[in-house]
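The values are calculated or read from the model by the stated rules, or taken from the named source; none is laboratory data. Computed from a prediction, not measured in an experiment: that's the story for all the values here. All Cβ positions, glycine included, derive from the backbone under ideal geometry; neighbour counts span all protein chains shown. Heads up: the accessible areas ignore ligands, DNA and RNA and are worked out on the full protein's heavy atoms, side chains in. Shrake-Rupley method; radii C 1.70, N 1.55, O 1.52, S 1.80 Å.
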Amino acid sequence: MTLPTATDVMELMRGVIDPELGSNLVELGMARSAQVSEDGEVLIKIALTTSGCPLRSQIQRDVKARLESLPGVTKVRILWDELTAEEKTAAMTTARFNVSQQAPDTAIPSTTKVLMVASGKGGVGKSTVTTNLAAALAAQGFKVGVMDADIWGYSVPRMLGVDGDLRSVEGKIVPITRHVGEGRLDVVSMGFLVDREDSALMWRGLMLNRAVQHFCEDVAWSDDLDYLLIDMPPGTGDVQMGLAKMLPRAEMIVVTTPAVAAQKVAARVVDMGRKNYLRIVGVIENMSALTTETGEQHAVFGSGGGESLAAEVGAPLLGKIPLEAAVSDGSDRGEPAVLDSNGAAAAAFASVAEALSSEHVPPVEMAGCSARMLDAAAAALDALDSLDALDADTAASSKG
Ligand code: ADP
């Protein structure tokens, strides 16, 4: 197994965002250096704005999760450091500059966890998994965005039972919302822009790329969004690569079927993710054996695919969703099975969502330090500006 290089490690740190400053650790100068030893131990030096930063555990979790998802990494050690006064100023300047420039992914709040749901080929249930996980997270009380980037085969609006026309406010697209218990789904899809499901096919490749870019840059994603789930187009084409580059902080979930033979194409998607330094959260096997009322198991699409892909790519198997009529029925009626059924598939979706929010991809917990510093820095600058103005006034009046 080839070990990641120090450069790989640093590139991966571009995916870790300081949730308050909204920029990544490399840009902010917080990820200082990395070493990878022959036994797979990664030593990384991270400098925080203040050593007692309450965001430390948040950043630590994110750094570890990303590094531990790399094949060959056996241990991750973080050496904590503190930015010097000059470095802090530079970090704040970078953060402010990025905010003012609206860096490509800044329309998505820095406190939102971005999950790409990907698959090697179509028809494996990627949209079904995206919509059920989104609904399950919303049912847990989270605010969940759903971006339907499967432009050619968009089916998210139908599956989630949301309909309507996308409005734009101040030049930004406003997602269509569905409330689920305490939580919420904010949905954006091509389906809201074209009249009929088959007319999307007439859109040309280039325009499709642009459409996805707009979904990242020009959607008014709400500030309180905990998660954004992206239903990716199947495979590894231009749209997928574009998204991976646009959203280095995204983490990837790969959906596959139980047929062992189909794993090659799924493994390619993992490869693409890793080449773009995205963290691979894990694999979900969909359309697993269905269990009859009498307890008989029918492995319609074979078995072992999820385990074999997970082992091959070195990522955990997050769950297996059985083949079940309640799942397709639910999608057809716009009521995701996870909200509407007591069956085994609904339970499997709920337990994957639970594991995501409690273990694999916990939501960002905000506990301020940098933002307070940013405010303090801004106040100091304002004070300086008014002092300058005062000086100028004094100079002018003494001249006059
Ligand atoms: P993809 O997004 O990968 O193209 P879809 O989510 O559209 O796939 O699913 C393809 C078809 O399979 C849909 O008709 C869907 O309802 C059905 N389906 C997906 N998963 C299941 C499942 N676990 N049980 C029953 N039907 C399923």
Out of (1) touching a residue at least 12 places away in the same chain (Cβ under 8 Å); (2) open to solvent by 10 Å² or more (accessible area, probe 1.4 Å), the one E293 does not meet is (1)
Those residues of region 109-123 that are within 16 Å of the ligand (Cβ to nearest atom) and open to solvent by 10 Å² or more (accessible area, probe 1.4 Å) come to a total of 4
If you go through R56, R96, R77, the only one that is among the basic types (K, R) and at pLDDT 90 or above is R77
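Conditions (1) under 25 Å from S110 (Cα atoms); (2) under 24 Å from the mean Cα position of the chain (by Cα); (3) part of a helix (DSSP H, G or I), marked per residue:
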{"site": "M1", "(1), (2), (3)": "no, no, no"}
{"site": "P4", "(1), (2), (3)": "no, yes, no"}
{"site": "T7", "(1), (2), (3)": "yes, yes, yes"}
{"site": "E20", "(1), (2), (3)": "yes, yes, no"}
{"site": "G29", "(1), (2), (3)": "yes, yes, no"}
{"site": "D39", "(1), (2), (3)": "no, no, no"}
{"site": "K45", "(1), (2), (3)": "yes, no, no"}
Being open to solvent by 10 Å² or more (accessible area, probe 1.4 Å), at pLDDT 95 or above and outside the structural domain of E20 (by TED's automatic domain parsing) narrows S37, S127 down to just S127
Among (1) open to solvent by less than 20 Å² (accessible area, probe 1.4 Å); (2) within 16 Å of the ligand (Cβ to nearest atom), W152 falls short only on (1)
Being modelled with pLDDT of 95 or more and of a type outside the set (S, T, N, Q) narrows A350, A371, A379 down to just A350
Filter region 1-34 for residues that are touching a Phe, Trp or Tyr at 6+ places or on another chain (Cβ under 8 Å) and open to solvent by less than 40 Å² (accessible area, probe 1.4 Å); the one that is nearest to R274 (Cα to Cα) is L12
Scanning region 296-309 for residues that are aliphatic (A, V, I, L, M) and touching a residue at least 24 places away in the same chain (Cβ under 8 Å), the one nearest to the ligand (Cβ to nearest atom) turns out to be A299
The number of residues in region 247-287 that are within 16 Å of the ligand (Cβ to nearest atom), touching a Lys or Arg at 6+ places or on another chain (Cβ under 6 Å) and open to solvent by 10 Å² or more (accessible area, probe 1.4 Å) is 1
Restricting region 310-351 to residues that are under 30 Å from T2 (Cα atoms) and within 12 Å of the ligand (Cβ to nearest atom), the one surrounded by the fewest Cβ atoms within 10 Å (Cβ to Cβ) turns out to be K320
